[in-house]
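As structure tokens, the structure follows; a few thoughts come after it.
The values are calculated or read from the model by the stated rules, or taken from the named source; none is laboratory data. What you see is a predicted model; the values in this text were computed from it and never measured. Using ideal geometry, Cβ is built from the backbone for each residue, glycine included, and neighbour counts are taken over all protein chains shown. In case anyone asks, the SASA skips ligands and DNA or RNA and just uses the protein heavy atoms, side chains included. Shrake-Rupley method; radii C 1.70, N 1.55, O 1.52, S 1.80 Å.
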Amino acid sequence: MVKTTEQPIFAKELKRETYQMVINGKSTQAKSGEMATVYNPATGEVIAEVPKANLEDVDLAVEAAREAFDNGKWKRYPVGKRARVLNNIASIMRERFHQLVEMEVMNSGKTISAAQGQVMQAIEDFEFYAGAIVGHCGTVNNVPGQFFNYTQKEPIGVAAQIIPWNYPMMMAAWKVAPAIATGCSIVLKPASFTPITAILLAEICTEAGVPEGVVNVVTGPGATIGTYLTEHKGIDKVAFTGETNTGKDIMAKASETLKRVTLELGGKSPNIVFPDADLEAAVNGSVFGIFYNTGQSCEARSRLFIHEDMYDEFMESFLDKTRKLVVDDPMSEKSHVGAIISKQQLDKIHRYVEGAKEEGATVVTGGHPLKVEGFAEGYWYAPTVITNVTNDMKIAQEEVFGPVVVVMTFTDEKEVIQLANDTKYGLAAAIWAKDQGLIKRVSDRIQAGVVMVNCPFSAFPGTPFGGYKQSGFGRELGIETLDLYTETKSVLSYAGRKPLNPLNL
Ligand code: NDP
């Protein structure tokens, strides 16, 4: 039996000075008592402390998840009852929508409008999987008459879910909702920069009726506890979102015990504007495509390809709108661009921009850290547009993960498809055009898991999201995600009158 600290009731207030992990349905401190500080990246202020877990704490969380899975309570709930609990989670999140949004803004520095959309999507993810799981059935298959074959979907077991800092609540929902819908138990590890809304989500799960031990959250450094989770014998599956090299490391470590692995990794997504495109829609979508979420998005459209015939016209409007973006107080409804997550990330972005200049590129606007009035200790970067770029430059090949876009031109369809695909990544791509034949040809040939056609948005609950090539594998957010948390068992039976004797013995 898993024993955790005796703090069965979660604090009611969402905004706290100290948060605890959630292990076995209880608020749990790190065994060592060590805490880590969490900052507001927009102000640089300390907002809270969270436990700094070590391997012992991970063992406790995995044990709790294992026990919850093996005792079978959750996975044997009638599917409708599990679906009801997922809907309860969504309802509680709806009641606390504004507080959750506020916590997300405070912890991540993103704008309130971005946080509102993402928290709402997190809610809708639970609603979507509550519905989807009810129809997630096995099959009855065509076999010769005396035989009978059916399949059933069984939950994989205990999943470790490791998430990044750019969409803290939404990534937690993308992972938790399908996993628990299938009957799996989980140990969720949020990014060290942004642990708060993941902890709140786990508390809500418990409150909504998820049995103890099914949803656990451990907080601490990925390099130690994340690695340990990926190697842990008590874990059956690892679902990871983050940087491509971390994903490779995880895959190598998980291979030792042949864990199932899902990886949602980096991107350098092309945004292609053809000459027949609706100019205004293409400009608005392209500005959103790179500067939404302060460019800290795996699906950021960070390589802009403009057809030569409309380059001047497009750029005039694109630069005008970029320069008008409001980079200010994340809690203001007027802000378009928020803070950068950390000093390290800010420095990394600036190094990329400086490197681009050294490679011969031209910074047309932005290209420097910003001082925002009233937020002097925060981390801010000006929306940046870089031209005179060739696709082989570092700035066009590597993921900057900030508000920085490179612009290139093209003359024909074949050329732009070749350029768009000339990257190790393959997460997303956007096409702006009217010619339906061209749209179909380009969509078919683009190597990306997500193609946006005249559309600035990359995903809704129900649309599969994931990458080709080194952007990872496995799809999240779709119906098929449920398959990634289940095994298919095929049951083949013989129902003939005469017993079979295949070897004529
Ligand atoms: P990481 O990929 O390192 O981190 C993502 C998550 O994995 C975090 O929870 C992290 O924990 C954890 N983690 C780190 N190392 C390991 C490991 N060896 N084994 C298991 N888990 C691990 O991204 P970072 O946050 O460090 O950012 C690095 C760069 O990655 C950024 O500058 C950005 O360019 C890019 N990035 C890309 C993302 C994407 O979705 N494509 C998302 C986030 C970042 P902890 O936070 O404790 O380190």
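Scanning segment 443-484 for residues that are crowded, with 19+ Cβ neighbours inside 10 Å, in contact with a Phe, Trp or Tyr (Cβ under 6 Å, 6 or more places away or on another chain) and at positive phi yields a count of 1. When the residues of segment 207-248 are filtered to those that are without any contact (Cβ under 8 Å) to a residue 60 or more places away in the chain and within 18 Å of the chain's Cα centre (by Cα), the one that is farthest from the ligand (Cβ to nearest atom) is K248. Residue pairs whose Cβ atoms lie under 6 Å apart, sitting 6 or more positions apart in sequence or on different chains, and linking a residue in segment 133-157 that is without any contact (Cβ under 8 Å) to a residue 24 or more places away in the chain to a partner that is of a type outside the set (A, V, I, L, M) and open to solvent by 70 Å² or more (accessible area, probe 1.4 Å), are V140/Y150.
In segment 323-349, the residues that are farther than 19 Å from E45 by Cα reach residues that are open to solvent by 90 Å² or more (accessible area, probe 1.4 Å) with C-beta atoms within less than 7 angstrom, at least six apart or across chains, in these pairs: L325/H336; V326/K334; V326/H336.
Taking V79, is it at pLDDT 95 or above, open to solvent by 10 Å² or more (accessible area, probe 1.4 Å) and over 25 Å from the mean Cα position of the chain (by Cα)?
Considered against the rule, which asks whether it is at pLDDT 95 or above, open to solvent by 10 Å² or more (accessible area, probe 1.4 Å) and over 25 Å from the mean Cα position of the chain (by Cα), V79 comes out as yes.
For every residue, the table says whether it meets (1) over 17 Å from the mean Cα position of the chain (by Cα); (2) more than 20 Å from T244 (Cα to Cα); (3) at pLDDT 95 or above; (4) surrounded by fewer than 24 Cβ atoms within 10 Å (Cβ to Cβ).
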position	(1), (2), (3), (4)
L265	no, no, yes, no
A277	yes, yes, yes, yes
A282	yes, yes, yes, no
I290	no, no, yes, no
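Flag not set for V364, criterion: under 21 Å from F288 (Cβ atoms) and buried (at least 22 other Cβ atoms within 10 Å of the Cβ).
Hey, any hits in segment 351-360 for a residue that's part of a loop (DSSP other than H, G, I, E, B) and out of contact with any His (no Cβ under 7 Å at 6 or more places or on another chain)? Full working, then the answer.
Step one: of segment 351-360, the residues part of a loop (DSSP other than H, G, I, E, B) are 359-360.
Now narrow it down to the ones that are out of contact with any His (no Cβ under 7 Å at 6 or more places or on another chain): 359-360.
The answer is yes, given that some residue of segment 351-360 is part of a loop (DSSP other than H, G, I, E, B) and out of contact with any His (no Cβ under 7 Å at 6 or more places or on another chain).
Condition test on A114, is it in contact with a strand residue (DSSP E or B) (Cβ under 9 Å, 6 or more places away or on another chain) and open to solvent by less than 60 Å² (accessible area, probe 1.4 Å)? Judged against the criteria, A114 is not a match. Filter segment 87-120 for residues that are touching a residue at least 24 places away in the same chain (Cβ under 8 Å) and among the acidic types (D, E); which is nearest to S192 (Cα to Cα)? For segment 87-120, the residue satisfying everything is E104.
Residues being aliphatic (A, V, I, L, M) and out of contact with any strand residue (DSSP E or B) (no Cβ under 7 Å at 6 or more places or on another chain): count how many of those fall in segment 453-478. It would help to see each step written out before you state the result.
Step one: of segment 453-478, the residues aliphatic (A, V, I, L, M) are 453, 459, 477.
With the extra rule that they be out of contact with any strand residue (DSSP E or B) (no Cβ under 7 Å at 6 or more places or on another chain), the set shrinks to none.
Total satisfying the criteria: 0.
Run down V50, V143 and say which single residue is touching a strand residue (DSSP E or B) at 6+ places or on another chain (Cβ under 6 Å) and at pLDDT below 95.
On the way: V50 fails: at pLDDT below 95.
None of the other options fit; the residue is V143.
Does at least one position in segment 305-314 carry a residue that is open to solvent by 10 Å² or more (accessible area, probe 1.4 Å) and either outside any helix (DSSP H, G or I) or without any contact (Cβ under 8 Å) to a residue 24 or more places away in the chain (or both)? Scanning segment 305-314, I find at least one residue that is open to solvent by 10 Å² or more (accessible area, probe 1.4 Å) and either outside any helix (DSSP H, G or I) or without any contact (Cβ under 8 Å) to a residue 24 or more places away in the chain (or both), so the answer is yes. The set of residues in segment 131-163 being under 19 Å from the mean Cα position of the chain (by Cα) and open to solvent by 20 Å² or more (accessible area, probe 1.4 Å) is empty. Those residues that are crowded, with 20+ Cβ neighbours inside 10 Å and either in a helix (DSSP H, G or I) or not hydroxyl-bearing (S, T, Y) (or both), I need them from segment 93-111; list them, please. Hits for segment 93-111 are M93, L100, V101, M103, E104, V105, M106, N107, S108, G109, K110.
The requirement of being open to solvent by 50 Å² or more (accessible area, probe 1.4 Å), more than 16 Å from G209 (Cα to Cα), touching a residue at least 24 places away in the same chain (Cβ under 8 Å) and outside any helix (DSSP H, G or I) is fulfilled somewhere in segment 51-67, by at least one residue.
The helices (runs of 4 or more DSSP H) found wholly in segment 370-446 and carrying at least 2 residues that are free of Cβ contacts under 8 Å to residues at least 40 places away in the same chain occupy 413-421, 436-445.
Name the residues in segment 447-499 that are of a type in the set (A, V, I, L, M) and part of a strand (DSSP E or B), would you? Selection gives V450, V451, M452, V453, V491, L492. Exactly one residue out of P403, P383, P369 is within 16 Å of the ligand (Cβ to nearest atom) and open to solvent by less than 30 Å² (accessible area, probe 1.4 Å), and it is P403. Within segment 386-399, the set of residues being under 18 Å from F318 (Cβ atoms) and either of a type in the set (D, E, K, R) or within 16 Å of the ligand (Cβ to nearest atom) (or both) comprises I395, A396.
Of the residues A282, A254, which single one is assigned to a helix (DSSP H, G or I), out of contact with any Leu (no Cβ under 6 Å at 6 or more places or on another chain) and either closer than 26 Å to T409 by Cβ or near the ligand (Cβ under 8 Å from one of its atoms) (or both)?
Values: A254 fails: either closer than 26 Å to T409 by Cβ or near the ligand (Cβ under 8 Å from one of its atoms) (or both).
When all the criteria are applied, what remains is A282.
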